[in-house]
Amino acid sequence: MKIDYEAIGLKVGLEVHQELDTRHKLFCHCPPKLFREEPEYTFVRRLRPSQSELGEVDPAALFEFLKGKTIVYEANRETSCLVEMDEEPPGPLNDEALDICLTFALMVGAQPVDEVHVMRKIVVDGSNTTGFQRTCVVALGGEIEVEGKRIHLEQICLEEDAARKIAEEGGVVRYRIDRLGIPLIEVTTAPEIGSPSEARKVAHAIGRILRATGRVRRGLGTIRQDLNISIRGGALIEIKGVQELDLVEKVVEYEAMRQLRLLEIAEELRSRGLKPEDLEGLEPVDVSDLFRETRCRILRRELKRKGRIYALRLPRFGGLLGRELCPGRRLGTEMADRAKFWGGVEGILHTDELPGYDITAEEVEALRRRVDAEPGDAVVIVAGEAERCRRALKAVLERAVEALEGVPSETRAANPDGTTHYTRPRPGPARMYPETDVVSIPITEERLRRLRENLPEMPEEKLRRFMEEYKLNEKLARQIIDSEYTALFEEIARSLKVSPTLIAVTLTETLKSLSREGVRVDLIGDDALREIFKLIEEGAMMKEAIPDVLTWLAEHPDSTAREALRELGLELLSREELEAIIKAKIEENIKLLKERGPRAFGPLMGRVMSEVRGRANPAEVQEILRTLISERLKGLEG
Amino acid sequence: MPNLQGYRGPLRELLERSGVDVGDLIRVEKGGRIYEGYLMPRLETADEWHLVLKLRSGYNIGVAYEPSMRVTRLGAAVKPEFRPPPLPEQRSGLPKVSIISTGGTIASRVDYITGGVHAAISSRDLLSIVPELADIALVEADILYSLFSENIEAQHWSGMARKVAEKIKSGAEGVVITHGTDTMGYSAAALSFALRNLPVPVIFVGSQRSSDRPSSDAATNLIGAVTAAAYAPFAEVVVAMHETTSDTSIALHRGTKVRKCHTSSRYAFRSVNARPIARVVKGRVEMIAEDYRPRGDGELELQDRFDERVALIKFHPGFNPSLIEWLVDEGYRGIILEGTGLGHVSSKCYGPLRRAVKEGLIVGMTSQCLWGRVNMNVYTTGRELQQIGVEPLGDMLPETALVKLMWALGVSSSREEALELMRRNIAGEYSDRTLYEEVRP
Ligand SMILES: [Zn+2]
């Protein structure tokens, strides 16, 4: 189905988060890097939602706390100190990170604030050991141009990245605190984006300008998007954590579709005559006895564990729970998300998909009778501990009430396919209060002058210059500017006598195609990439060896390119070794030489090269082969 | 008088002229730029050239003053109102625990507009913020002082001791004292000496992370303290704080053996030359010490006088011995030396020390090593110091020795009586044996 986005009033705002490439973290002197080894130590904490003056506690946060969620943090001494552990007050704000943010602000014409105030934004999911994220507004306003359309920016913030979630199981969440405290720039656009493809283009354009500063980190997870999406009559939905720029378009498309379908369902419910009061006072009913003999494995397992089965009638919802909202997501899926979050059950079953899952038509009939379901009603069942079942079905009922109204306001998270799932109700205005441990920083005119005088070029200028200075064709120049390697390309092209086109092709097409083959090219460090071109410049490595060396380095991220050559047997052969190989080849093919004389050069060259490819320079092979053939021919004559 | 907390100079004048107060929704125009938000108070220690604005997004920014700047009031301040959540029901039949607050913000609420943190110390507030307490004990809370830890003096130790006595008399089965952490060790030592023949546990508790933040250790420490006050089998003065960086265990340190050993961490409090007496894990008190004073029903005896004319002096290379002379001239009655190693000071100090002893001062020796005990028989210096009349104080902590000497002089009628008290183990300040302990960070 083709959606007319203008007609449905689609409005999208983007929040782009990008890690900055600084020498140390935002509030301490730890290096901004992650560790792959086992943690050196762990510690256990609980976060308690703090109470505001208003006596309000974020309901979802309170719920998580009451569930008794404990948090296990993993750490090592190389990547974190007492600051990340919330055992020592933060140091002053990292000046280098602030400069990068100000630089970006000046590049997009935003107005830096006169004085930066660090705030604490309450986050109690455990991703911050403090229970809040430190964040500050660095500049307001600004704009970017995307295909002739101006998109306004609302604000540019500098904040600390959160800990990485490693696992969650049975009320215990594991986070690794290495990432905590890495500086992040957050760029927020006004909700002016009108289509999925425009959202993708805006995300790319912001990414390009960020990279143009030359001071951003690269690799998986170093750039993340949050999206705010609404359509007319729908609701503002916040979607967190879109890691791939290319997924932005899909997420917007599916979300617009989801909201549209939810509005249609609301309309349909109203036309079926459903009133809000019809959903009042509906109670979950224990129906465990109906399934004593069931063949449904899911239900049997729960009953065996002494669990119960509860059912809830949803009047006039028949056929709607199974209706698809976007690929693979139905209204039933939305209800299941809620049941899982609030009830901790594994999922729900509903009459739109039954009989099925080995539940028989007779069982469905008995179920409908038990809850007095009329034709056109739907029935939802859940299995598990009785209290959990009741909580889950209460959440399902709440979702049903919202279905009658249209689109509920929520925070969602992106799935890898671009669809989204419920994570929590949309929090009220972010609870923020001043971070009193960090002094405010005045932004002086002098500092801005210094930054203005050293502004990096904008991507378009850079494109022209790359084509001219490095003789790249336009396609390749665009690719390198769109890549995460713009700064590295220029550094290598300037410092080494290696063809800039080779460098650019390697850093774009070669890496991309390896990545498509599943090679973790994001693990290859800048130093290793520099070394590869250094070896080529020295004549110690053939350019044909590049893909193999990169693949090996991705598997051995702590090794050097020279080690890769050695391990792969791709070290260049010495002249003596080469001569020996060629001599042997000639003797092997002495018959050919006798038959064809000097014209045997072509086939012999091919046979030698297939043995030494990547380990010898073809020009050198050619030269040696010519000499040795003529010597051998003389010998034959003599 | 407008409320313009922290604003000074021309900026304050401008704000006054514009008729705005802190908390008001205002518009600021300068040089073609317009900002809208709530006017926030300015930190007294910050410069006078920026006004602080809370934007609608919740972020604060500073806007620099300019003579041409215009400020307009768009709306009045909204006074935050505290609507406490319903109180948990107090179960009957639970032990009665009294909570005495002396300062610190172990229980507090944050004002999300100004960022101000307000202490919440009534029983109601405590229960609404840490509802778990209602399941542990029948708690009753009192405010005795609202003091920063560094402003606590000997008179406050006496006040605390008397308040504890009053609470025990009226039936408390355990007492919790909330206290700023910096000098909590001194207060715990003071009460260990002042409360003689103690029948119930007295638990000092504080927090290293203020309770306005979700990661605060305040609630866990308080829950541990109340659990110990209600159920611990011992009747001693202890400090209840995190045992490690995890929220899983609260250590109970004997008041005479505890010291704050880290500036900021949750696990800052350590028992020195001793193990903690017990810990609270999963809501239960687990005893570690075998030797402790059990709960009893004896009569509490209050010995709450302290003599503040005692000094704690740390010896160091280049130490000027006339400091000792000065103390004698000033009428001091006792000196605790923090000597080097086994308990030494330079021979330059001999003369002044001789004079101090001759004039009736009690001079005690502790070690700046903290771990281990002084021994003044090993080297000549130690033997000479003993000859002069310097009293070796075993493995007593320097701070505990200071407090004990203040107490001994306060409650004795003669130097000899005070000296005898100093030598006697009153509240576990001496241990006979030094055990091997792996040093933890
Ligand atoms: Zn650190």
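The values are calculated or read from the model by the stated rules, or taken from the named source; none is laboratory data. Note that the structure is a prediction, hence the values are computed from the model and not measured. We place every Cβ from the backbone using ideal geometry, glycine too, and count neighbours over all the protein chains shown.
Applying the selection to the range A:584-602, what residues are surrounded by 15 or more Cβ atoms within 10 Å (Cβ to Cβ) and part of a helix (DSSP H, G or I)? Matches in the range A:584-602: A:K585, A:I586, A:L592, A:L593, A:A600, A:F601. Taking B:D182 as the residue in question, decide whether it is in a loop (DSSP other than H, G, I, E, B), in contact with a strand residue (DSSP E or B) (Cβ under 9 Å, 6 or more places away or on another chain) and surrounded by fewer than 24 Cβ atoms within 10 Å (Cβ to Cβ). Criteria met by B:D182.
Of the listed requirements (1) more than 14 Å from chain A (Cβ to nearest Cβ); (2) farther than 16 Å from B:R293 by Cβ; (3) polar (S, T, N, Q), B:T244 misses just one: (1).
Pairs meeting the criteria (first residue in the range A:72-90 and under 15 Å from A:P39 (Cα atoms) and among the aromatic types (F, W, Y), second residue more than 10 Å from the ligand (Cβ to nearest atom) and not in a loop (DSSP other than H, G, I, E, B), beta carbons under 8 Å, at least 6 apart or on different chains) are A:Y73/A:T42; A:Y73/A:F43; A:Y73/A:V44; A:Y73/A:R45; A:Y73/A:R174; A:Y73/A:Y175; A:Y73/A:R176. Say we look at the range A:145-160 and pick out the residues that are over 15 Å from A:E186 (Cβ atoms) and of a type outside the set (G, A, S); which of these is nearest to the other protein chains (Cβ to nearest Cβ)? Among those residues, the one meeting the criterion is A:H152.
Scoring A:M467 on the criteria (1) within 14 Å of chain B (Cβ to nearest Cβ); (2) of a type in the set (A, V, I, L, M); (3) surrounded by fewer than 17 Cβ atoms within 10 Å (Cβ to Cβ) leaves a single failure, condition (1). Any residue at all in the range A:10-23 that's farther than 25 Å from A:I239 by Cβ, of a type outside the set (S, T, N, Q) and within 13 Å of the ligand (Cβ to nearest atom)? Yes - at least one qualifying residue is present in the range A:10-23. Against the criterion of being in contact with a Pro (Cβ under 9 Å, 6 or more places away or on another chain) and surrounded by 14 or more Cβ atoms within 10 Å (Cβ to Cβ), A:T423 does not qualify. Residues of the range B:185-219 that are among the small types (G, A, S) and away from every other protein chain (no Cβ under 14 Å): B:G185, B:S187, B:A188, B:A189, B:A190, B:S192, B:A194, B:G206. State yes or no: is A:G344 in the same structural domain as A:L397 (by TED's automatic domain parsing), in contact with a helix residue (DSSP H, G or I) (Cβ under 7 Å, 6 or more places away or on another chain), surrounded by fewer than 22 Cβ atoms within 10 Å (Cβ to Cβ) and within 17 Å of A:A395 (Cβ to Cβ)? Yes, satisfied.
Can you confirm whether A:R261 is on the phi < 0 side of the Ramachandran plot, in a helix (DSSP H, G or I) and in contact with a Cys (Cβ under 8 Å, 6 or more places away or on another chain)? Judged against the criteria, A:R261 is a match. Among the residues making up the range A:128-139, those that are within 8 Å of chain B (Cβ to nearest Cβ) and over 15 Å from A:P49 (Cβ atoms) are A:T129, A:T135, A:C136, A:V137.
Those strands (runs of 3 or more DSSP E) of the range B:1-78 in which at least 1 residues are of a type in the set (K, R) and either touching a helix residue (DSSP H, G or I) at 6+ places or on another chain (Cβ under 8 Å) or within 22 Å of A:M119 (Cβ to Cβ) (or both), considering only elements entirely within it, cover B:25-30, B:33-40, B:50-54.
Taken together, the residues in the range B:33-54 that are at the interface with chain A (Cβ under 7 Å from one of its Cβ atoms) and surrounded by fewer than 19 Cβ atoms within 10 Å (Cβ to Cβ) amount to 2.
The requirement of being at pLDDT below 90 and within 9 Å of chain A (Cβ to nearest Cβ) is fulfilled nowhere in the range B:9-32; no residue meets it.
A quick yes/no check of all residues on (1) within 16 Å of the ligand (Cβ to nearest atom); (2) β-branched (V, I, T); (3) within 9 Å of chain B (Cβ to nearest Cβ):
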residue	(1), (2), (3)
A:N76	yes, no, no
A:T103	no, yes, no
A:L106	no, no, no
A:G109	no, no, no
A:V116	no, yes, yes
A:I122	no, yes, yes
A:G126	no, no, no
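Among the criteria (1) part of a helix (DSSP H, G or I); (2) modelled with pLDDT of 95 or more, the one B:E150 does not fulfil is (2). A single entry from A:I492, A:I480 fulfils the requirement of being within 26 Å of the chain's Cα centre (by Cα) and assigned to a helix (DSSP H, G or I): A:I480.
Of all the residues in the range A:176-195, those that are of a type outside the set (K, R), under 19 Å from A:K121 (Cβ atoms) and either more than 14 Å from chain B (Cβ to nearest Cβ) or within 17 Å of the chain's Cα centre (by Cα) (or both) number 8. Taking B:I203, is it within 30 Å of A:M85 (Cα to Cα), modelled with pLDDT of 95 or more and surrounded by fewer than 24 Cβ atoms within 10 Å (Cβ to Cβ)? Judged against the criteria, B:I203 is not a match. Flag: A:V248 matches the condition of being in contact with a Lys or Arg (Cβ under 7 Å, 6 or more places away or on another chain) and of a type in the set (A, V, I, L, M). Restricting attention to the range A:24-35 and to residues that are more than 14 Å from every other protein chain (Cβ to nearest Cβ) and touching a Leu at 6+ places or on another chain (Cβ under 9 Å), the residue that is nearest to the ligand (Cβ to nearest atom) turns out to be A:K25. Can you find even one residue in the range B:384-393 that is free of Cβ contacts under 8 Å to residues at least 24 places away in the same chain and more than 18 Å from B:Y186 (Cβ to Cβ)? Among the residues of the range B:384-393, at least one is free of Cβ contacts under 8 Å to residues at least 24 places away in the same chain and more than 18 Å from B:Y186 (Cβ to Cβ), which makes the answer yes. Listed by first and then second residue, the pairs linking a residue in the range A:597-618 that is free of Cβ contacts under 8 Å to residues at least 60 places away in the same chain and outside the structural domain of A:A540 (by TED's automatic domain parsing) to a residue that is aliphatic (A, V, I, L, M) and in a loop (DSSP other than H, G, I, E, B), with Cβ atoms under 7 Å apart and 6 or more places separating them unless they lie on different chains, are A:V612/A:L573.
For B:R83, the requirement of being surrounded by 14 or more Cβ atoms within 10 Å (Cβ to Cβ), farther than 16 Å from B:V226 by Cβ, within 14 Å of chain A (Cβ to nearest Cβ) and at pLDDT below 65 is not met.
Among the residues of the range B:209-243, those identified as assigned to a loop (DSSP other than H, G, I, E, B) and free of Cβ contacts under 8 Å to residues at least 40 places away in the same chain are B:R213, B:P214, B:S215, B:S216, B:E243.
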